[in-house]
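The values are calculated or read from the model by the stated rules, or taken from the named source; none is laboratory data. Since we're looking at a predicted model, the values are computed, not measured. A quick note on method: Cβ atoms are made from the backbone with ideal geometry, for glycine too, and the neighbour counts reach across all protein chains shown.
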Amino acid sequence: MSTLRLVPGAPDGVLAALAGVLDGSGGPFAPVPGDAVGAARVREAVVPEEPVDEGTAVVLTTSGSSGEPKGVVLSRDALVASAAATHERLGGPGQWLLPMKPYFVGGLQILTRSLVARTSPVVLGDSFTESAKQLTGTRRYTAMVPTQLARYLETDLEGLRVFDAIVIGGAATPAALKARAAAAGVNAIPAYGMTETGSGCVYDGVPLDGTSIRLDGGRILIKGNTLFSGYRLKPELTAEVLRDGWFRTQDRGEIVDGRLRVVGRVDDVVISGGVNVTLTTVQARLLEHPKVRDAVVLGVPDAEWGTRVVAFVVPEAEDPARDELRDWVSETLPRTWAPQDVVQLPELPMLASGKVDRQRLLEGVR
């Protein structure tokens, strides 16, 4: 058994620890954010005083917007396999820009890819465009969440065009955003994956080499050489999701023209007034409205409805009225699916990982 090290979550600290894991000079580690709450969550999830299994490279804490934190155990082989498969899909090794925190799997894998490619990553500075121009590799890459891509399309288009490919993960990429990027000459590639899969393992609906997918009643199952080893000190939970080499995700999907399309979470169907409502479908419809820049739809416990459907909307210049949005949803979906409440916000609250902070939204309406 080995001892788990806690290392600073800054890029230099994580890069040094990761380099030691990959070349065998250092032991397994868990990166720790600088804030007290983040550090406490890591300690709760990884329990550093307990020994770790041989083969462990890093233990990452799932960011989840709710629920108790979990430590996801990733091996050196899983990290390297993910990096190699990513470079193979993108057209070869390159130099990477790091625009996110490296204690989440997306940022950690940017550093892993850099080490595997023997290139020096560039850490995002005050200006995205100026940081992008610091890249000198023959192929240049970065990764970000959809919200970042949307903002940079408005403010840093020149910087986005520097890259041979930009991997978009952490959340579903709206079709309109992908089309907007393509029209602007930006090669944005939607990726599907999570901490348990060593970052994105399905690019633009097609699994990376070494990864297989299948559906079980609509639930997405993943098998391959980038999978995590298990949840830290949670054998029962690990056994629930890792069965016969397949990881049972919490996502639903379908295969369309040979490509995986993620249609939502297993638990994103709520019962409101006796009617099953698929929240992600309502959200997708709202995002098609010309006055809506961003949106997320959640179910809120309610004494009358059982669950109340609430839309949190970031409007464009003109604010859409509640009834206008309800009518818009009802044009293509059942009227009973239209959100009972619409909360307008200047921006959606985000976690450090770049995902929407759903728990914070829920706390604001309960």
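General observations
- Selection of region 170-191 for residues being closer than 22 Å to LEU286 by Cβ and touching a residue at least 24 places away in the same chain (Cβ under 8 Å) yields GLY170, ALA171, ALA172, THR173, PRO174, ALA176, LEU177, ARG180, ALA181, ALA188.
- For GLY273: the one exception among (1) under 21 Å from the mean Cα position of the chain (by Cα); (2) in contact (Cβ under 8 Å) with a residue 60 or more places away in the chain: (1)
- Tallying residues that are touching a residue at least 60 places away in the same chain (Cβ under 8 Å), more than 16 Å from VAL356 (Cα to Cα) and buried (at least 20 other Cβ atoms within 10 Å of the Cβ) within region 277-296 yields 1.
- Residue in region 183-190 that is outside any strand (DSSP E or B) and either surrounded by 22 or more Cβ atoms within 10 Å (Cβ to Cβ) or in the same structural domain as LEU351 (by TED's automatic domain parsing) (or both) present: no
- Condition check for GLY38: assigned by TED's automatic domain parsing to the domain that holds MET144, in a loop (DSSP other than H, G, I, E, B) and modelled with pLDDT under 95: no
- All positions within region 117-158 that are buried (at least 18 other Cβ atoms within 10 Å of the Cβ) and charged (D, E, K, R): ARG139, ARG140, ASP156
- Test: residue in region 51-62 that is at pLDDT 95 or above and on the phi > 0 side of the Ramachandran plot: no
- Extreme residue, farthest from GLN250 (Cα to Cα), among residues of region 194-204 that are crowded, with 18+ Cβ neighbours inside 10 Å and of a type outside the set (A, V, I, L, M): TYR203
- ALA132 vs. criteria among the hydrophobic types (A, V, I, L, M, F, W, C) and under 30 Å from GLU236 (Cα atoms): no
- The lone exception for ALA30 - which of (1) at pLDDT below 95; (2) surrounded by 19 or more Cβ atoms within 10 Å (Cβ to Cβ) it fails: (1)
- In summary, LEU97 fulfils each of the numbered conditions (1) within 21 Å of VAL122 (Cβ to Cβ); (2) modelled with pLDDT of 95 or more; (3) not in a strand (DSSP E or B) with the single exception of condition (3).
- If you go through region 299-353 and keep only what is part of a loop (DSSP other than H, G, I, E, B), under 20 Å from ASP268 (Cβ atoms) and under 29 Å from the mean Cα position of the chain (by Cα), you end up with LEU333, ALA338, PRO339, GLN340, LEU348, PRO349, LEU351, SER353.
- Take the conditions (1) surrounded by 14 or more Cβ atoms within 10 Å (Cβ to Cβ); (2) modelled with pLDDT of 90 or more; GLU254 misses just one of them, which is (1).
- Hits in region 214-251 - residues which are surrounded by fewer than 19 Cβ atoms within 10 Å (Cβ to Cβ), in contact (Cβ under 8 Å) with a residue 24 or more places away in the chain and part of a loop (DSSP other than H, G, I, E, B): GLY218, ASN225, LEU233, LYS234
- Checking each residue in region 1-27 for being of a type in the set (A, V, I, L, M) and surrounded by 13 or more Cβ atoms within 10 Å (Cβ to Cβ) picks out LEU4, LEU6, VAL7, ALA10, VAL14, LEU15, ALA16, ALA17, LEU18, ALA19, VAL21, LEU22.
- Against the test of being assigned to a helix (DSSP H, G or I), closer than 18 Å to GLY26 by Cα and in contact with a Pro (Cβ under 8 Å, 6 or more places away or on another chain), the options LEU79, LEU108 yield a single qualifying residue, LEU108.
- Just one of (1) under 19 Å from the mean Cα position of the chain (by Cα); (2) of a type in the set (Asp, Glu); (3) modelled with pLDDT of 95 or more fails for ASP216. It is (1).
- Of residues in region 148-163 being in a helix (DSSP H, G or I) and touching a residue at least 60 places away in the same chain (Cβ under 8 Å), the one farthest from ARG293 (Cα to Cα): GLN148
- In region 1-35, the residues that are in a loop (DSSP other than H, G, I, E, B) and either among the acidic types (Asp, Glu) or within 18 Å of VAL73 (Cα to Cα) (or both): MET1, THR3, LEU4, GLY9, GLY24, GLY26, GLY27, PRO28, PRO33, ASP35
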